[in-house]
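The next block holds one structure in the form of structure tokens; read it before the comments.
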Amino acid sequence: MNTTINTAATKQRGTGRSIASWRFSNPEWAVPSDATKLSTVEVRCDNDMPGAPRQVGCVKLRAVPVISCSLTGPWPELAKHIKDAQATGLPGKYGTTNYLTRLTNGSKIIENRRRACPSSLPRPSGKSCDEYPFASTWQGARYSGGPFSRRMINATQNTDAGRALNGFYTCSRVLDGDRFLVWIR
């Protein structure tokens with residue numbers, strides 16, 4: 001692969017693919033084989049991870065990352081909200097090409113969250129406002145200009161699931177503008 005990432009500089013990205021080639025020859029054979037080449041899938045390598053600018057990593061560009069959440073797991077209220085929201089046609093449903101795309105600009109994320117869950121909304125005790133599509137996506141309430149869903153869910157579930165979403169972004173190297181899906185099982 002012909003990609004070099006300078007870890008001293010931030011927000012560096014490069015793409016490339018490897019090509020393996022070989023040719024078999026054997027003095028006992030009458031004719032050597034033709035040269036054969038095999039190209040790998042295209043990968044992106046970068047050090048553009050928000051919050052970890054010197055962390056270098058690579059991902060397959062064609063692979064669409066998927067975060068999953070179970071209706072019987074640790075965040076059932078969140079999972080139910082996402083499932084219901086996706087059933088209305090909102091983007092991000094696993095098995096479709098109606099992707100969510102990550103947004104990393106902090107002030108835009110806040111704007112998405114404020115539109116979906118304004119502070120004027122009453123929050124029952126122990127509940128917090130959950131928005132879908134996520135505020136950390138370009139499909140969020142403010143920047144999509146389209147429909148969104150909000151629901152009051154268990155505050156601890158909402159906070160913990162938000163941490164898990166950020167962990168998914170980091171582990172799957174989902175950068176600004178990268179697409180992904182949400183699988184509710």
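Considering only 183, 133, 22, whose Cα is most displaced toward the positive end of the charge dipole of the chain, charges sitting on Cβ of Lys, Arg (+1) and Asp, Glu (-1)?
133
Given just the C-alpha atoms of region 61-185, how large is their convex hull per residue in cubic angstrom?
100
Restricting to the chain, compute how many DSSP beta bridges are antiparallel as a %, nearest 5.
Numbers: 22 of 27 bridges.
Approximately 80 percent, going by the DSSP bridge assignments.
Give me the number: length gained by fully extending residue 42 to residue 119, i.e. 0.36 nm times residue separation minus the C-alpha to C-alpha distance, one decimal in nm.
Numbers: separation 77, 0.36 × 77 = 27.72 nm, distance 4.43 nm.
The span from residue 42 to residue 119 would gain 23.3 nm if fully extended.
Would you mind getting the accessible area per residue of the chain, heavy atoms of the protein chains only, 1.4 Å probe, in Å²? Walk me through the numbers on the way to the answer.
Numbers: 10880 Å² over 185 residues.
Value returned for the chain: 59 Å² of accessible area per residue.
For the chain, what is the charge dipole size about the Cα centre, in debye to the nearest 20, if Lys and Arg each add +1 at the Cβ and Asp and Glu each add -1 at the Cβ? Don't skip to the answer; put the middle values down first.
On the way: 26 positive and 13 negative charges, 99 e Å.
Computed about the Cα centre, the dipole is about 480 debye.
Sort by residue number and report every cysteine in the chain with no other cysteine beta carbon within a distance under 4.7 Å.
So, 69, 171.
If you build the Cα gyration tensor of region 57-112 and take the root of 5 times each eigenvalue, what three semi-axes come out, in whole angstrom, biggest first?
On the way: eigenvalues 90, 60, 36 Å².
The equivalent ellipsoid of region 57-112 has semi-axes of 21, 17, 13 Å.
In this model, which of 37/60; 11/108; 11/80; 11/37; 11/83; 80/127 are farther than 26 Å apart at the alpha-carbon?
Distance filter (> 26 Å) returns 11/80; 11/37; 11/83.
About the Cα centre of region 70-177, how large is the charge dipole given +1 on each Lys and Arg Cβ and -1 on each Asp and Glu Cβ? Please answer in debye to the nearest 20.
The calculated dipole for region 70-177 is roughly 140 debye.
Stokes-Einstein D for region 81-133 at 4 °C, 1.567 mPa s, Kirkwood Rh over Cα pairs, in µm²/s?
Result for D is 101 µm²/s.
Per the 1.4 Å probe, what fraction of the accessible area of the chain, in percent, lies on carbon and sulfur atoms?
So the carbon and sulfur contribution to the accessible surface is 51 percent.
Quote the relative contact order of region 99-156 in percent (integer), defining contacts as alpha-carbon pairs under 8 Å separated by 6+ residues.
After rounding, I find 41 percent.
Cβ under 15 Å from residue 12's Cβ, residue 12 left aside: what net charge do those residues give with Lys, Arg +1 and Asp, Glu -1?
Spelling it out: positives minus negatives among the neighbours equals +2.
What does the extension gain come out to for residue 107 and residue 33, with contour length at 0.36 nm per residue minus their alpha carbon separation?
Extra length from residue 107 to residue 33 when fully extended: 20.7 nm.
With a cut-off of 20 Å, note down the residues of region 146-183 whose backbone N falls inside the zone around a label point 7 Å from the Cα of residue 127 toward its beta carbon.
Backbone N within reach: 148-162.
Which shape class, rounded, prolate or oblate, goes with region 127-185 when its Cα gyration tensor gives a ≥ b ≥ c as root eigenvalues, a/c under 1.5 marks rounded, and past that a/b bigger than b/c marks prolate?
Since a/c reaches 1.5 but b/c is at least a/b, the shape of region 127-185 is classed as oblate.
Pairwise over distinct Cα atoms, reciprocal of the mean inverse distance: report the Kirkwood radius of region 1-146 in Å, one decimal place.
About 19.4 Å, per the Kirkwood formula over Cα pairs.
The values are calculated or read from the model by the stated rules, or taken from the named source; none is laboratory data. Small disclaimer: the values here were computed from a predicted structure and weren't measured. So basically every Cβ, Gly included, is an ideal-geometry build from the backbone, and we count neighbours across all protein chains shown. Areas reflect the complete protein model, heavy atoms only, side chains present, ligands, DNA and RNA absent. Shrake-Rupley method; radii C 1.70, N 1.55, O 1.52, S 1.80 Å.
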